[in-house]
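Presented below is the structure to which this report refers.
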Amino acid sequence: MDRILIRGGRRLEGRLPISGAKNAALTLMPCALLTDEPLTLRNLPRLADVDGFGHLLNQLGASTQIEGTSPQDFGRVMTIRAGKLTSTEAPYDIVRKMRASILVLGPVLARSGEARVSLPGGCAIGNRPIDLHLKALEAIGAELEMAAGYVRAKAPGGRLPGGRYRFPVVSVGATENVVMAAVLARGTSVIENAAREPEIVDLCRCLVAMGASIDGIGTETLTIEGRDKLHGATYAVMPDRIEAGSYACAAAITGGRLELVGACAEDMGATLSALADAGVLVELRKGSVCISASEPLRPLTLSTAPFPGFATDMQAQFMAMLTMAEGASVLTETIFENRYMHVPELARMGADIQVTGRTAIVRGGTKLVGAPVMATDLRASMSLILAGLAAEGETSVARVYHLDRGYERLEEKLSAVGADIERVSDG
Ligand SMILES: CC(=O)N[C@H]1[C@@H](OP(=O)(O)OP(=O)(O)OC[C@H]2O[C@@H](n3ccc(=O)[nH]c3=O)[C@H](O)[C@@H]2O)O[C@H](CO)[C@@H](O)[C@@H]1O
Ligand SMILES: C=C(OP(=O)(O)O)C(=O)O
């Protein structure tokens, strides 16, 4: 099994390229199932989750072809052709490894009139039910049946009629699923209290490029007029705002200066203003965001929230960064009930963090010391990388497969800006 070894204490400086967004890629790829023409996605990150999703598309009968990008390039171009779906089933074996597989439910149902998808179950960060995906699909006309750990969905007469649904709480994935189903419905659908995350905007723009009719993109009410058919398109995946935010924390925690090339400041509002509140200098440039830390970090009070609030996917990285602040920070996790799995590992490196319910108090200013650590999810693993960059001595982060889900060539990007970091294989 691979580990990442970091010898900490080096100031990071330089230009660091930002990859295409994992969470956008995972909702753009299933869009290909909505048409018999090719969908070409550019700037697709090289990540385990993208490969996994490609495998799922193959199982459904779509072909995935990677076009001439050299191994040195970040990102890839992939053309997905779903001329005919040969299966309407997403099996347990794939869904259990990658929750985002649930995102084929809406498009397969819309295209084929039926779909059978394994229920994903919980994961390390929480319970993560899919009831809202199902309620939203039902509201636009799907008939659902649950049996043997699977959901079977049918469209009466082979095509969803469309309908109106108001989400009781904001859900990114459920918004994506219902939007992808509604674009091929017979009638109009109105989705209220829709998620407004930039990845939803990216999804809607790609669907519009494929011929869909969607009004209210980027707002909480989406009005979708179903089309008989969508066509192929070429679309570039948006930059990863969570990857960019993570590397911004890397600059801050090492007292360094990084130019995040390709980062989109507009998508990163809450992260950038939290960094500025912590005393980090944020400069917006054309095509990049420059992050420099020149003064001691100030403590913060932050609560996670749906976009445009502070992203839950940035909580663990900020927690690592705030162990360096002068004073006590208060972080509250409101989205997932079990997203503090990094706390005991950070504590093993010397951090002083106390969790009570959904709130964590981080008393900054303690010295971090390298240690062997491991995490149970992607962003928790990144928080340990950040702590390792700032710690004295050597940190070894196990379970690298979590990081490979969401950070394209992490060790390469970090060593290019001065980190002493390598991947080692224990065989
Ligand atoms: C692949 C992807 O894009 N993943 C992101 C997506 O996850 P995901 O789409 O799973 O997250 P949701 O926005 O759906 O979850 C938000 C909250 O709603 C709850 N919920 C969700 C659906 C449902 O049917 N019932 C229900 O109760 C969840 O348990 C959670 O408490 O958005 C999250 C919140 O920004 C991010 O952390 C994830 O990185
Ligand atoms: C929670 C995340 O992803 P997923 O929904 O794919 O588990 C994440 O990207 O931080």
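FYI, it's all coordinate maths here, none of it is from the lab. None of these values were measured; they are calculated from a predicted model. With ideal geometry, Cβ positions are generated from the backbone for all residues, glycine too; neighbour counts draw on all protein chains shown.
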Inset, instruction - For Met374, list long-range residues whose amide hydrogen, built 1.01 Å from N in the peptide plane, is under 5 Å from its own amide hydrogen. - result: Ala398
Legend entry - Amide H contacts under 5 Å for Gly187, placed H, 5+ residues apart: Gly162, Gly226
Legend entry - Phi-based couplings in Hz for segment 52-66 (Karplus 6.51, -1.76, 1.60; Gly and Pro marked x): x, 5, x, 4, 5, 4, 4, 4, 7, x, 8, 9, 10, 10, 8
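Which order do the peptides 421-427, 315-321, 301-307 take when ranked by the mean count of other beta-carbon atoms within 10 Å per residue, highest first?
Ranking, from highest mean packing down: 315-321, 301-307, 421-427.
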Legend entry - Rough spin-label spacing in nm, given labels placed 7 Å along Cα→Cβ, for Arg186 and Ser87: 3.1 nm
Legend entry - Karplus 3J(HN,Hα) series, Hz, for segment 30-43 with 6.51 cos²θ - 1.76 cosθ + 1.60 (x for Gly, Pro): x, 4, 4, 6, 8, 9, 8, 9, x, 10, 9, 10, 9, 6
Inset, instruction - For the chain, find the longest principal axis of its Cα atoms and tell me its angle to the long axis of helix 198-209, 0 to 90°, nearest 10. - result: 40 degrees
Inset, instruction - Rank-order 256-269, 380-393, 95-108 by packing density, defined as the average count of other C-beta atoms within 10 Å over each peptide's residues, highest first. - result: 380-393, 95-108, 256-269
Legend entry - Residue with peak Gaussian network fluctuation, the chain [Cα springs, cutoff 10 Å], from Gly370, Gly255, Gly157: Gly157
Inset, instruction - Taking 7 Å along the Cα-to-C-beta vector as the label spot, tell me the Asp426-Ala48 distance in nanometres, rounded to one decimal. - result: 1.5 nm
Legend entry - Relative contact order %, the chain, counting alpha carbon pairs below 8 Å whose residues are six or more apart: 21 percent
Legend entry - For segment 265-273, Karplus couplings with θ = phi - 60° (6.51, -1.76, 1.60), whole Hz, Gly/Pro x: 4, 4, 7, 10, x, 5, 5, 5, 6
Legend entry - Options Gln65, Val95, Leu203, ranked by Cα towards positive dipole end of segment 22-236, top entry (Cβ charges): Val95
Legend entry - For Thr234, distant residues with modelled amide H under 5 Å away: Thr40
Inset, instruction - DSSP loop (so not H, G, I, E, B), at most 12 other Cβ within 10 Å: list which trypsin sites (Lys or Arg not before Pro) in segment 280-361 pass both filters. - result: Lys286
Legend entry - Set of aspartates and glutamates near Lys135 by C-alpha distance (under 19 Å), chain-local residues within fewer than 8 positions excluded: Glu114, Glu143, Glu145, Glu176, Glu192, Glu220
Legend entry - Stretchable slack from Glu392 to Asp2, in nm (0.36 nm times residue separation minus alpha-carbon distance): 138.2 nm
Legend entry - Beta bridges by DSSP in segment 22-236, antiparallel share as percent, to the nearest 5: 75 percent
Legend entry - Segment Arg164-Met146, length gained on full extension (0.36 nm per residue, minus Cα span): 4.2 nm
Legend entry - 23 Å Cα-Cα threshold exceeded, pairs from Lys22/Lys229; Lys84/Lys229; Lys22/Lys154; Lys22/Lys84; Lys367/Lys413: Lys22/Lys229; Lys22/Lys154; Lys22/Lys84; Lys367/Lys413
Inset, instruction - Compute the relative contact order of segment 191-254 as a whole-number percentage, counting only Cα pairs closer than 8 Å that sit 6 or more residues apart in sequence. - result: 31 percent
Inset, instruction - Provide the percentage of antiparallel DSSP beta bridges, counting only those with both residues in the chain; round to the nearest 5. - result: 75 percent
